[in-house]
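**Student:** To start, I am sharing the structure in question, which I have written as structure tokens.
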Amino acid sequence: MRRLPVYLLLDTSGSMRGEPIESVKVGLQSMLSSLRQDPQALESVHIAIITFDRDVKTIAPLTSLEDFQVPDLDTPDSGPTHLGLALEELCKTVDRDVIKNSGDAKGDWKPMLFIMTDGSPSDKMLFKEMIPKTRALNFAMIVACAAGAKAKKDELTPLADHVVSLDTMDSSTFAGFFKWVSDTIGAGSTSMGVTATPPLPPPPPEVHVVV
Amino acid sequence: MTPSESDPHKSQNPSPDKPEPAEGVPPTNTPPSEFPTETILPETPLPESTLPETVFPETSLPESDPLTPPADDDSITAGTEFPPDNVGTTEHVTEPTAPAGHTDHAVTPADQNNTNTEPANTAASAQTPPPAPQPARPQPARPQPVTPTPVPVPAAELPVPDIQLRLPNGKVNVPYTATLQGLIREEKLPAGTQADQFEVVFRQVAGLDAIGLNVEVTGSQAHVTGTPQVPGDHKIVVDYTAQHTGRSDRPMTTRRKQVMLTINPDPQSLWKDLESDPSLPYQKPTTAAERKAETSQAVLLAASRRGRSHAHDGTFRDDDFRLGTTADGWHFLAVADGAGTYEYSREGSRLACETAWSKLEQHFGGVLGDAFSQVVTDYHQQPADDSLRQIRNTLYQTLGTAGHAAFQAIKEEAVKLDCPPKKFSTTLIMTICRRFDFGWFVGAFAIGDGGAAIYRANDDVLILNDPDSGEFAGETRFVTMSDLWQSGEQILKRIKFHIVPDLTAVIAMTDGVSDPKFETDDNFFSTEKWHGFWADLHKDCQLDRDNEQAHEELLEWMNFWSPGNHDDRTLAMLLP
């Protein structure tokens, strides 16, 4: 059966410590519960989570929605935000994970990518270098979320099809954001098979669509 | 060397004196002058970018507050010594092992949620001046969020280390088995201790009954078995103790922890079946089934059913079919698959089938009359280039024109609505069949995916089309693509015919049937897979001429469950 791979890239740098990262965990859990109500998502969605701060870690390899459990999310006290390195790891992972169409095998649907950061990439040169490479990976959709006041939306615009911003990083804002992510994935799983970008569902008030 | 001879997909013609009909050579003296030659750029099927309604119900999960104690708890002591982790609440519970007379245990005055649970101690303390009796606090109707206050640990007790608990996810109605083990969390050990000094012992695991699961607690493990009945994220409450091996004189304390058990719903139960909007134009019922037994030579059957995807969204069936039989024995089968992303594709499929039939009807008795029958007979007796060319010309004039007429009809309808024809995008597969003394003549014309075949129980299957497919799933060609109609050669490539001594059935289907039943193009061309398909049909259907319910049985069969395959399903069949 065809899989819809969904990649989440989450900022776990020091500024996410405390309520923000707790809210992300709660948001992820409700995103999963919400997706599990959708029969099409339940059949096809597979999720992987890569976190980035100073280090880049694949804390959850691509796993079916049925089997997925939210892993522990740790944040170091402080340190850089290596989004460029995260994209590099993502490219390697997608190359390895995603199954292409062949005469006698059913390939995956085009994968989706959601990036959440509350700051700005510390490894700017690598980040810039990875933008075209990430875009060349054939994602059905790339969404970047600039969370909080310090996040730089403009830096994300060349990378993503859609950039959204969150004013704050409290639990209700992240809840709204992850609900919208789950709606977007659901819409993606409904329109599977269509070549163009899946349609974007209406965002909640906390999520401002920049692009 | 004709293209068909080099194509591995084409089955070998079993009778050596009947060469495989060749395709790819346009009629020499008939340029496609009847078809418009306007130069329009080939259209690519770009879907409309409409925002769908959100399809998710509001999540009904309670707020996941890591500080909320379990609702059914009545012996909890508020106050945690270690920071709560993300898996659940950790509560510190003291067992009533205090020496007689000692009534002061770790119930903090600040605690507001707990009842006094030590009747034994109260009785035992009768010898000492009793403290002010604590009124029994009523159990609150709902668990209140509790702010933990640090509890000073009595010197006699050793804090119990935190453990990591995880249970794998399960699914409703699927047998579940898991072993709960307590892994000491090294990063959260009490100061001055090591993980290997502790022995974790489970006391109680609660909350599984309600889901339909059982647990057997055996010391350091808890075995969970059973078949879960209730979907959702369930909070399971685990009471455990951890004895420190070097300090067996210390009282054993029990901690309480929550672990989440996710039970996935049964996917079949999630599919909704919603009515489509009655106010929209081009209404179409969710199912259709028909049987035509108007001549003695053959019975025609067809069934069409709205797929689960469309039922879930409350949109229309986009597939359609048409059956037709003429008095002089020509039989017509057509199936069409409207493109889901286009607004009026349900009308496109209907219009395509209807128009193709009515156009062809004009030719039966005319171009496809006695003269054609003679050509076919001649060709059968003596295959020659001349008669072959005549057959191909005639099919081009009839099937080709019928398909083109379908395109025209859609264009005219689009003009009425002042919208582009692609809003009516649809595939179209047509077959015409006639019995002769020597066997059956079957001709076909196809645009799009899905497929048609001559199935024979005792011989190779003969596939009547080259399914159109693109790089990605779901990409195909449609009747409304004007570039298809520009070249006579291209049109002729889509037309095929066979003459066979006998056949079991002629079958046309949309990809809603071919995807789940054949899965790949390779399989669609495999005789063995077709035998399997025929057997599959016969599990639910009695496909013989005399069965007056055959079309209803076919419609029922079409309700089969196939994960990942929820498209509209249509199948049309000729039974000799």
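The values are calculated or read from the model by the stated rules, or taken from the named source; none is laboratory data. Everything numeric here is computed off the predicted structure, so don't read it as measured data. With ideal geometry, Cβ positions are generated from the backbone for all residues, glycine too; neighbour counts draw on all protein chains shown. Please note that ligands, DNA and RNA were not included when accessible areas were found on the heavy atoms of the full protein model with its side chains. Shrake-Rupley method; radii C 1.70, N 1.55, O 1.52, S 1.80 Å.
**Student:** Tell me the residue from B:ASP502, B:ASP522 that is within 23 Å of the chain's Cα centre (by Cα) and either farther than 16 Å from B:LEU571 by Cβ or without any contact (Cβ under 8 Å) to a residue 12 or more places away in the chain (or both), please.
**Tutor:** B:ASP522
**Student:** A further question on this structure: Between a residue in the range B:310-326 that is within 14 Å of another protein chain (Cβ to nearest Cβ) and any residue that is acidic (Asp, Glu) and open to solvent by 20 Å² or more (accessible area, probe 1.4 Å), which pairs come within a Cβ distance under 8 Å, given they are 6 or more apart or on different chains?
**Tutor:** B:ALA311/B:ASP273; B:HIS312/B:ASP273; B:GLY314/B:GLU275; B:GLY314/B:ASP277
**Student:** Could you please find all residues in the range A:73-86 being more than 22 Å from A:GLY27 (Cβ to Cβ) and not small (Gly, Ala, Ser)?
**Tutor:** A:ASP77, A:PRO80, A:HIS82, A:LEU85
**Student:** From the set of residues in the range B:268-293 that are of a type in the set (A, V, I, L, M, F, W, C) and assigned to a loop (DSSP other than H, G, I, E, B), which is surrounded by the fewest Cβ atoms within 10 Å (Cβ to Cβ)?
**Tutor:** B:LEU274
**Student:** I need the helices (runs of 4 or more DSSP H) fully contained in the range B:464-555, keeping only those with at least 1 residues that are in contact with a Phe, Trp or Tyr (Cβ under 8 Å, 6 or more places away or on another chain) and open to solvent by 40 Å² or more (accessible area, probe 1.4 Å).
**Tutor:** B:511-518, B:527-540
**Student:** Okay, next question. Give B:MET573, B:MET558 a once-over and let me know the one that is in contact with a Ser or Thr (Cβ under 9 Å, 6 or more places away or on another chain), hydrophobic (A, V, I, L, M, F, W, C) and open to solvent by less than 60 Å² (accessible area, probe 1.4 Å).
**Tutor:** B:MET558
**Student:** Among the residues of the range B:554-576, count how many are out of contact with any Lys or Arg (no Cβ under 8 Å at 6 or more places or on another chain), of a type in the set (Asp, Glu) and within 14 Å of chain A (Cβ to nearest Cβ).
**Tutor:** Result for the range B:554-576: 1.
**Student:** Return the residues of the range A:161-187 that are polar (S, T, N, Q), open to solvent by 10 Å² or more (accessible area, probe 1.4 Å) and within 13 Å of chain B (Cβ to nearest Cβ); say none if nothing qualifies.
**Tutor:** Scanning the range A:161-187 gives A:SER171, A:SER172.
**Student:** Would you point out the residue of the range B:425-461, among those that are part of a strand (DSSP E or B) and either over 27 Å from B:GLY365 (Cα atoms) or not hydrophobic (A, V, I, L, M, F, W, C) (or both), that is most open to solvent (accessible area, probe 1.4 Å)?
**Tutor:** Checked the range B:425-461; the qualifying residue most open to solvent (accessible area, probe 1.4 Å) is B:ARG435.
**Student:** If we scan the range B:386-399, do we find a residue that is buried (at least 18 other Cβ atoms within 10 Å of the Cβ) and farther than 24 Å from B:GLU361 by Cα?
**Tutor:** no
**Student:** For the range B:489-510, enumerate the residues that are among the small types (Gly, Ala, Ser) and either modelled with pLDDT under 95 or in contact with a Ser or Thr (Cβ under 8 Å, 6 or more places away or on another chain) (or both).
**Tutor:** Scanning the range B:489-510 gives a single hit, B:ALA508.
**Student:** Follow-up question, since we're still on this one. Does any residue of the range B:227-238 turn out to be over 21 Å from A:LEU32 (Cβ atoms), open to solvent by 60 Å² or more (accessible area, probe 1.4 Å), in a loop (DSSP other than H, G, I, E, B) and of a type in the set (Val, Ile, Thr)?
**Tutor:** no
**Student:** Another question about this same structure. Can you pull out every residue in the range B:166-191 that is part of a loop (DSSP other than H, G, I, E, B), without any contact (Cβ under 8 Å) to a residue 60 or more places away in the chain and touching a Ser or Thr at 6+ places or on another chain (Cβ under 6 Å)?
**Tutor:** Answer for the range B:166-191, where residues must be part of a loop (DSSP other than H, G, I, E, B), without any contact (Cβ under 8 Å) to a residue 60 or more places away in the chain and touching a Ser or Thr at 6+ places or on another chain (Cβ under 6 Å): just B:PRO175.
**Student:** What residue, of B:SER487, B:SER425, is polar (S, T, N, Q), touching a residue at least 60 places away in the same chain (Cβ under 8 Å) and within 14 Å of chain A (Cβ to nearest Cβ)?
**Tutor:** Going through B:SER487, B:SER425 in turn, the sole match is B:SER425.
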